[in-house]
1. Sorted by average packing, counted as other Cβ atoms within 10 angstrom per residue and highest first, what order do 82-93, 5-16, 123-134, 105-116 take?
2. What distance in nm separates the two pseudo spin-label positions at residue 61 and residue 131, each 7 Å out from Cα along the beta-carbon direction?
3. Mind checking Rg over Rh on the chain, alpha carbons, Kirkwood formula for Rh?
4. With labels modelled as points extended 7 Å from the Cα through the Cβ direction, what inter-label distance (nm, one decimal) is found for residue 15 paired with residue 3?
5. Would you work out the charge dipole size for the chain about its Cα centre, treating the Cβ of every Lys and Arg as +1 and the Cβ of every Asp and Glu as -1, and quote it to the nearest 20 debye?
6. In whole Å, how far is the Cα centre of the range 70-122 from that of the range 17-40?
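We did not get these values from a lab; they are worked out from the coordinates using the rules stated. All figures in this text were calculated on a predicted structure; none of them were measured in a lab. Here the Cβ positions follow ideal geometry from the backbone for every residue, glycine too, while neighbour counts run over all protein chains shown.
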Amino acid sequence: MSATGLEVFDTTLQETNHWLKLMMGELGTDSRRTAFGALRGTLHALRDRIGVDNAAHLGSQMPMLLRGAYYERWRPAATPTRERHLADFIDHVADEMPRDSQTNPAEAARACFSVMSQCLDRGEMLKLRKVLPHEALNLWPDSLLRN
């Protein structure tokens, strides 16, 4: 018997749990709350930076449950943001993370980019890194920097 009785919901729960497990590993925590806060904060900052078309394309590749968190509180008319430096992007990540988070926002972004590189299409990841501040490449997995 499935957990919810609906295959589409069971699938998104399983896929979302996979992303959270990877985030927990990257962050060295056993807290799903911590992993989710870091993931959502980074995804929001990324979504706001990459423009409407890229944001919609990226969102379409996520598990349905994460997609909902990704689009939460989105204001497309206010995007893309214009962070030119890594510190500005990291500040945006920090602003999107839970107020009580103890996770370093740069570490959250690094972990999120690593998880995304494991779960999403490589071509999409290569395209995304071109629209972020060049300094943000310091946070990307080495496997994506070789191209």
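1. Details: 82-93: 17.0, 5-16: 13.4, 123-134: 15.3, 105-116: 23.0.
Packing proxy ranking, top to bottom: 105-116, 82-93, 123-134, 5-16.
2. Taking the simple label geometry, residue 61 and residue 131 are separated by 1.1 nm.
3. Details: Rg = 14.8 Å, Rh = 15.5 Å.
The Rg/Rh ratio comes out at 0.95.
4. 1.4
5. Values: 18 positive and 19 negative charges, 53 e Å.
So the magnitude is around 260 debye.
6. 14
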